[in-house]
Amino acid sequence: MSISIKTPEEIEKMRIAGRLAGEVLDYIAPFVQPGVTTEALDKLCHDYMVDVQGCIPAPLNYAPGGHTPYPKSICTSINHQVCHGVPSEKKLKSGDIVNLDITTIKDGFHGDTSRMYYVGEPSIQAKRLCEKTYEAMWVGIRQVRAGAHLGDIGHAIQTFAEGLGYSVVREFCGHGIGLKFHEEPQVLHYGKAGTGVKLEAGMIFTIEPMINAGKKDIKQLGDGWSIVTKDHSLSAQWEHTILVTETGFEVLTLSAGSPATPA
Ligand code: MF3
Ligand code: CO
Ligand code: CO
């Protein structure tokens, strides 16, 4: 197996899928309020993707090896949920932080991006974790250019996050993406600079660090999908889909509502 180098035509399709995924995150933002259920957010996003954008929501019925098919169209991970939170009839409440993770398929190609949202007013600690995790993602993105190594990304994220007293989840990582949801390579959010695959222009992968306020350990819930921190500490995640270019990177999942790039 090897890492695909996308053609200019494929890259153009990935730009479209990526922007559409970002636009779902823009669309849903005003609905993330105390009292709304994550199931309602799922339905709104599903209908927007299908009816407005003409996209397929990639998570719906997604069944990688060993998993039961994912039952919903988006992932909604609240507070100590790390990732793959399954939308339910549970209501969001003021003070919650929630990650919404969107993956669109347009013209066969995937765009994958997630953001953190505040429900009402977050605690100072929760807000800081969300902001610093956003910076951690960008610290990783800024390592990307042809000739850099995959390990440079993980090293930069780990150094930044652990320097703040946070921990990096190990079991889930970024991934190549294109005609398939999850392709090679695996993009670890920890590691050693100068190690791993050398990046080449035309590679496309996600960077999606999961950062815990407490210890790095996680466990899976009985629904077969939702991942939570073992110590119940808060966890945050942000995700973009990134194209490697000769001189650096292009973020394929930016949209009008993307938060400002950190200085
Ligand atoms: N969007 C997630 C990722 O970033 C994967 C979700 S798989 C699902 O890789 F089945 F839970 F949707
Ligand atoms: Co992803
Ligand atoms: Co995702």
**Request:** With respect to Asp217, determine if the residue is in contact with a Gly (Cβ under 7 Å, 6 or more places away or on another chain) and away from ligand 1 (no atom under 12 Å from the Cβ).
**Result:** no
**Message:** Filter the stretch 75-90 down to the residues that are open to solvent by less than 10 Å² (accessible area, probe 1.4 Å), out of contact with any helix residue (DSSP H, G or I) (no Cβ under 8 Å at 6 or more places or on another chain) and either within 10 Å of ligand 1 (Cβ to nearest atom) or of a type in the set (Ser, Thr, Tyr) (or both) and list them by number.
**Reply:** Ser77, Cys83
**Item:** Which listed residue, of Lys72, Lys132, Lys106, Lys93, is surrounded by fewer than 22 Cβ atoms within 10 Å (Cβ to Cβ), touching a helix residue (DSSP H, G or I) at 6+ places or on another chain (Cβ under 6 Å) and basic (Lys, Arg)
**Value:** Lys106
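When you look at Gly85, is it of a type outside the set (A, V, I, L, M) and within 16 Å of ligand 3 (Cβ to nearest atom), yes or no?
Numbers: of a type outside the set (A, V, I, L, M): yes; within 16 Å of ligand 3 (Cβ to nearest atom): yes.
Here the answer is yes, as Gly85 does meet what is asked.
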**Message:** Tell me yes or no: at least one residue of the stretch 119-139 is within 14 Å of ligand 1 (Cβ to nearest atom), among the β-branched types (Val, Ile, Thr), touching a residue at least 12 places away in the same chain (Cβ under 8 Å) and closer than 24 Å to Val36 by Cα.
**Reply:** no
**The one condition in (1) open to solvent by 30 Å² or more (accessible area, probe 1.4 Å); (2) under 28 Å from Gly65 (Cβ atoms); (3) charged (D, E, K, R) that Glu208 fails to fulfil** = (1)
**Complete:** Per the filter on the stretch 234-254, residues part of a loop (DSSP other than H, G, I, E, B) and open to solvent by 20 Å² or more (accessible area, probe 1.4 Å) are Leu234, Trp238, Thr245, Glu246, Thr247, Leu254
**Message:** I need the full set of residues from the stretch 213-232 which are touching an Asp or Glu at 6+ places or on another chain (Cβ under 8 Å) and either open to solvent by 10 Å² or more (accessible area, probe 1.4 Å) or away from ligand 2 (no atom under 16 Å from the Cβ) (or both), in order please.
**Reply:** Gly214, Lys215, Asp217, Ile218, Thr229, Lys230, Asp231
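Results for (1) at pLDDT 95 or above; (2) hydrophobic (A, V, I, L, M, F, W, C); (3) more than 16 Å from ligand 3 (Cβ to nearest atom), shown as yes or no for each residue.
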site: Leu164; (1), (2), (3): yes, yes, yes
site: Val168; (1), (2), (3): yes, yes, yes
site: Ile177; (1), (2), (3): yes, yes, no
site: Glu208; (1), (2), (3): yes, no, no
site: Leu221; (1), (2), (3): yes, yes, yes
site: Val228; (1), (2), (3): yes, yes, yes
site: Asp231; (1), (2), (3): yes, no, yes
site: Thr241; (1), (2), (3): yes, no, no
**Prompt:** Would it be correct to say that Val187 is open to solvent by less than 10 Å² (accessible area, probe 1.4 Å), among the aliphatic types (A, V, I, L, M) and over 30 Å from Lys106 (Cα atoms)?
**Reply:** no
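Could you please let me know if Gly194 is farther than 30 Å from Leu41 by Cβ, free of Cβ contacts under 8 Å to residues at least 12 places away in the same chain, assigned to a loop (DSSP other than H, G, I, E, B) and more than 16 Å from ligand 2 (Cβ to nearest atom)? Before the answer, list the steps.
Details: farther than 30 Å from Leu41 by Cβ: yes; free of Cβ contacts under 8 Å to residues at least 12 places away in the same chain: no; assigned to a loop (DSSP other than H, G, I, E, B): yes; more than 16 Å from ligand 2 (Cβ to nearest atom): yes.
Judged against the criteria, Gly194 is not a match.
The values are calculated or read from the model by the stated rules, or taken from the named source; none is laboratory data. None of the values given here were measured: they were computed from a predicted structure. For neighbour counting, all protein chains shown are included, and Cβ atoms are generated from backbone atoms with ideal geometry for every residue, glycine included. What goes into the accessible areas is simple: the full protein's heavy atoms, side chains included, and nothing from ligands, DNA or RNA. Shrake-Rupley method; radii C 1.70, N 1.55, O 1.52, S 1.80 Å.
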